[in-house]
1. Please enumerate the residues belonging to region 95-127 that are within 19 Å of Glu66 (Cβ to Cβ), in contact (Cβ under 8 Å) with a residue 24 or more places away in the chain and among the hydrophobic types (A, V, I, L, M, F, W, C).
2. Scan region 45-61 for residues that are surrounded by fewer than 18 Cβ atoms within 10 Å (Cβ to Cβ) and within 16 Å of the chain's Cα centre (by Cα) and jot them down.
3. Report, ordered by the first and then the second residue, all pairs with beta carbons closer than 7 Å, sequence separation of six or more or different chains, a first member in region 41-60 that is modelled with pLDDT of 95 or more, and a second member that is acidic (Asp, Glu).
4. Could you list, in sequence order, the residues of region 75-110 that are within 24 Å of Ala37 (Cβ to Cβ) and more than 13 Å from the chain's Cα centre (by Cα)?
5. Tell me, please, whether a residue that is closer than 21 Å to Ile119 by Cα, at pLDDT 95 or above and either surrounded by fewer than 16 Cβ atoms within 10 Å (Cβ to Cβ) or within 12 Å of the chain's Cα centre (by Cα) (or both) can be found in region 62-71.
6. Kindly indicate whether Arg77 is among the basic types (Lys, Arg) and in contact (Cβ under 8 Å) with a residue 24 or more places away in the chain.
7. Could you list all residues from region 63-95 that are part of a loop (DSSP other than H, G, I, E, B) and either in contact with a strand residue (DSSP E or B) (Cβ under 9 Å, 6 or more places away or on another chain) or small (Gly, Ala, Ser) (or both)?
Amino acid sequence: MTMTTEYNDTPLFGVDGVIDDDTARARRNDPVTSHHAADRSGTAIAEVRRNVLRMVRENPLIIGNELNDLYKAEHERRGWVPVAWDGPRKRAGEMADPEKFFPPLLLLQGERNGARQFIISAAGLDLIA
């Protein structure tokens, strides 16, 4: 059985609350609320990445699980958008991958307890300056 998913390549212009120039993050037949959620996640991810950069700048050599715990502890106090528990570690991994970010925003600096340690790069510092 082959399943295909059709994605909306036509923006939902004129629909209240949907970002203009919307990209295909929700299926064509999804309700407008799904498109709203996709828009929020698309804008929130950039904010989460900046927050992760701030945490790494403040805590050099931090590992992924510590990022997750610290984000959870800090997001309310700092007014950060809430995320899934493992989201900060995933964002850090993306920002350290030169295939996804060039120059990388985070650098790998060895391991501790089998986990990668992160430090912020000059490009990462520039982004949150």
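The values are calculated or read from the model by the stated rules, or taken from the named source; none is laboratory data. Predicted, not measured: the structure shown is a model, and the values here were computed from it. Positions of Cβ are generated from backbone atoms using ideal geometry, with glycine treated the same way; all protein chains shown enter the neighbour counts.
1. Within region 95-127, Met95, Leu105, Leu106, Ala115, Phe118, Ile119, Ile120 meet the criteria.
2. Answer for region 45-61, where residues must be surrounded by fewer than 18 Cβ atoms within 10 Å (Cβ to Cβ) and within 16 Å of the chain's Cα centre (by Cα): Ile45, Ala46, Glu47, Arg50, Arg54.
3. Note: no pairs meet the criteria.
4. If the condition is that a residue be within 24 Å of Ala37 (Cβ to Cβ) and more than 13 Å from the chain's Cα centre (by Cα), then His75, Glu76, Arg78, Gly79 are the ones that fit.
5. yes
6. Judged against the criteria, Arg77 is not a match.
7. Residues satisfying the conditions are Gly79, Ala84.
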